[in-house]
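Remarks on the structure that follows.
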């Protein structure tokens, strides 16, 4: 089995703006693409990367939105990418948080970044080429995820994801 190059993306703050609802984005109406995000996904897919979104969604545990709302939002995201003639290969999210108010989701979980549960799930689907894989995230926890998973991590805090990838993420293929 060949190892796969995986481009992991955090969602909120990387693929979409998260300036509303204190960054808790659980509905399609609140999802606003970051400039260059769709183009970046298409570009990396054309470079034979699998695209995997790994996102903490403690808004579920906190009662801000339901798990069904997140699934609906992800369907919307996939449809938007389809219109742009591209796609993500997998979306993993962690609904858990130890301070949650929804009993079912009030707990610690290895899925929650900086834990690497979502990385491990990805590795069960595709054997990950750690040397060629990376994550782009906007939080320290994303960089801790990278370190724990032994992949490269890129901290995104700009306005144009495509420009960032072209300048910062060196793709030697």
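For segment 70-85, the condition holds for no residue, the condition being that it is surrounded by 15 or more Cβ atoms within 10 Å (Cβ to Cβ), more than 15 Å from the chain's Cα centre (by Cα), touching a residue at least 12 places away in the same chain (Cβ under 8 Å) and not in a helix (DSSP H, G or I).
Give the residues of segment 1-26 that are part of a strand (DSSP E or B) and more than 28 Å from residue 128 (Cβ to Cβ), sorted by residue number. Talk me through it step by step, then tell me what you get.
Our first condition is that a residue be part of a strand (DSSP E or B); within segment 1-26, this holds for 4, 6-9, 12, 16-17.
The one that is part of a strand (DSSP E or B) and more than 28 Å from residue 128 (Cβ to Cβ): 17.
Of the residues that make up segment 27-47, is at least one within 23 Å of residue 112 (Cβ to Cβ), outside any loop (DSSP other than H, G, I, E, B) and without any contact (Cβ under 8 Å) to a residue 24 or more places away in the chain? Checking segment 27-47: at least one residue is within 23 Å of residue 112 (Cβ to Cβ), outside any loop (DSSP other than H, G, I, E, B) and without any contact (Cβ under 8 Å) to a residue 24 or more places away in the chain.
Summed over segment 116-165, the residues that are in contact (Cβ under 8 Å) with a residue 60 or more places away in the chain, under 19 Å from residue 37 (Cβ atoms) and surrounded by fewer than 17 Cβ atoms within 10 Å (Cβ to Cβ) give a count of 3.
Residue check: is residue 65 over 19 Å from residue 45 (Cβ atoms), free of Cβ contacts under 8 Å to residues at least 60 places away in the same chain, touching a helix residue (DSSP H, G or I) at 6+ places or on another chain (Cβ under 9 Å) and surrounded by 19 or more Cβ atoms within 10 Å (Cβ to Cβ)? In short, yes.
Please tell me if residue 53 is over 15 Å from residue 154 (Cα atoms), in contact with a helix residue (DSSP H, G or I) (Cβ under 9 Å, 6 or more places away or on another chain), buried (at least 18 other Cβ atoms within 10 Å of the Cβ) and free of Cβ contacts under 8 Å to residues at least 60 places away in the same chain. Before the answer, list the steps.
On the way: over 15 Å from residue 154 (Cα atoms): no; in contact with a helix residue (DSSP H, G or I) (Cβ under 9 Å, 6 or more places away or on another chain): yes; buried (at least 18 other Cβ atoms within 10 Å of the Cβ): yes; free of Cβ contacts under 8 Å to residues at least 60 places away in the same chain: yes.
Against the criterion (over 15 Å from residue 154 (Cα atoms), in contact with a helix residue (DSSP H, G or I) (Cβ under 9 Å, 6 or more places away or on another chain), buried (at least 18 other Cβ atoms within 10 Å of the Cβ) and free of Cβ contacts under 8 Å to residues at least 60 places away in the same chain), residue 53 does not qualify.
Quick check: anything in segment 22-38 crowded, with 16+ Cβ neighbours inside 10 Å, closer than 22 Å to residue 150 by Cβ and modelled with pLDDT of 95 or more? No, segment 22-38 contains no residue that is crowded, with 16+ Cβ neighbours inside 10 Å, closer than 22 Å to residue 150 by Cβ and modelled with pLDDT of 95 or more.
The values are calculated or read from the model by the stated rules, or taken from the named source; none is laboratory data. Fair warning: this is a prediction, and the values are worked out from it, not measured in the lab. Virtual Cβ from ideal backbone geometry, glycine too; neighbours counted across all protein chains shown.
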